[in-house]
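Single-structure report; data block below.
The values are calculated or read from the model by the stated rules, or taken from the named source; none is laboratory data. This one's a predicted model, so the numbers in the text were calculated from it and none came from an experiment. Don't worry about glycine lacking a Cβ; one is built from the backbone with ideal geometry, like all the others, and counts go over all protein chains shown. Note: areas computed on protein heavy atoms with side chains; ligands, DNA, RNA excluded. Shrake-Rupley method; radii C 1.70, N 1.55, O 1.52, S 1.80 Å.
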Amino acid sequence: MKKAVLIILLAAAAAGFGLGQDVVIKDQTPFVYAYIECVGSYSQISAKIGEFMNEYFSQGLGSFTGVMAVYLNAPGEVPEAELKWRIGMPIGRDITPREPLRKDDFAYPKVASYLHVGPYEKVGEAYQKAGAYLERNGWKAAGPPVEFYLNNPEEVPPEKLETEILIPVEKK
């Protein structure tokens with residue numbers, strides 16, 4: 001029996017259901033971020049990250065704190081050409097970026113957090129899992145989701161990429 005449980009746990013871990021793979025509702029400290037506004041296909045993400053990083057560092061806004069994306073709508077809600085999203089990075093509250101960068105607050109007190117490990121192309125599966133969790137547990141989305149890209153795809157193989165997803169939530 002113990003051997004069977006161990007085999008099941010190892011198989012689940014290999015399938016991506018191991019530690020760090022559960023949806024967690026947690027308190028979120030508000031933060032400010034600088035961003036570049038983006039419209040259209042997500043195939044532009046790499047180019048927009050480069051554009052944002054060049055502008056961020058040319059303006060001297062601070063050290064690297066981690067690239068993030070904020071998704072203001074989603075495929076299935078609008079045509080691809082109308083997708084609205086932002087590429088950005090947390091900054092100090094007292095910092096004021098210049099155009100084309102803008103500044104906004106992420107001020108949601110509760111979030112559903114999920115760590116997706118694997119290729120970016122499969123992050124949609126994480127949203128499905130998070131959505132099912134919220135539905136089962138009496139929560140609903142209360143703002144735009146944010147993805148923090150925790151490692152560099154040029155240095156890490158796709159199956160080891162880590163994306164932290166934060167979805168603002170409130171009780172139904």
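Scanning the stretch 159-172 for residues that are open to solvent by 70 Å² or more (accessible area, probe 1.4 Å) and of a type outside the set (Lys, Arg) gives 159, 170.
When residue 108 is tested against (1) among the hydroxyl-bearing types (Ser, Thr, Tyr); (2) open to solvent by less than 50 Å² (accessible area, probe 1.4 Å); (3) assigned to a loop (DSSP other than H, G, I, E, B), only condition (2) is not met. Filtering the stretch 138-154 to residues that are open to solvent by 60 Å² or more (accessible area, probe 1.4 Å), modelled with pLDDT of 95 or more and more than 22 Å from residue 75 (Cα to Cα) leaves only 150.
Residue 122 meets all of the listed conditions (1) on the phi > 0 side of the Ramachandran plot; (2) open to solvent by 20 Å² or more (accessible area, probe 1.4 Å) but one, namely (1). Just the residues that are without any contact (Cβ under 8 Å) to a residue 12 or more places away in the chain and of a type outside the set (Ser, Thr, Tyr), please, taken from the stretch 53-72. Matches in the stretch 53-72: 54, 57, 60. Filtering the stretch 135-167 to residues that are closer than 17 Å to residue 89 by Cα and among the acidic types (Asp, Glu) leaves 147, 162, 164. Counting only strands (runs of 3 or more DSSP E) that fall entirely inside the stretch 23-79 and contain at least 2 residues that are open to solvent by 10 Å² or more (accessible area, probe 1.4 Å), at negative phi and at pLDDT 95 or above, the qualifying elements are 24-27, 31-39. Cβ-Cβ distances below 6 Å connect the following pairs, each with a first residue in the stretch 88-113 that is of a type in the set (Phe, Trp, Tyr), a second residue that is at pLDDT 95 or above, and a separation of six or more residues or different chains: 106/31; 108/28; 108/143; 108/168.
I'm trying to understand the selection: among the residues of the stretch 72-85, which are out of contact with any helix residue (DSSP H, G or I) (no Cβ under 9 Å at 6 or more places or on another chain) and within 25 Å of residue 150 (Cα to Cα)?
Of the stretch 72-85, the ones out of contact with any helix residue (DSSP H, G or I) (no Cβ under 9 Å at 6 or more places or on another chain) are 72, 76-79, 81-82, 84.
72, 84 - these are the residues of the stretch 72-85 that are out of contact with any helix residue (DSSP H, G or I) (no Cβ under 9 Å at 6 or more places or on another chain) and within 25 Å of residue 150 (Cα to Cα).
Across the stretch 134-163, the qualifying residues are those that are more than 26 Å from residue 105 (Cβ to Cβ) and either among the charged types (D, E, K, R) or part of a helix (DSSP H, G or I) (or both), and the one among them that is farthest from the chain's Cα centre (by Cα) is 136.
Being in contact (Cβ under 8 Å) with a residue 40 or more places away in the chain and under 17 Å from the mean Cα position of the chain (by Cα) is the filter here, so list the residues in the stretch 40-52 that pass it. Working first, answer last.
Step one: list which residues in the stretch 40-52 are in contact (Cβ under 8 Å) with a residue 40 or more places away in the chain, which gives 40-42, 45, 52.
Within the stretch 40-52, 41, 42, 45, 52 qualify.
For the stretch 125-137, give me the residue count where each residue is open to solvent by less than 50 Å² (accessible area, probe 1.4 Å) and under 23 Å from residue 43 (Cα atoms). Number satisfying all stated conditions: 1.
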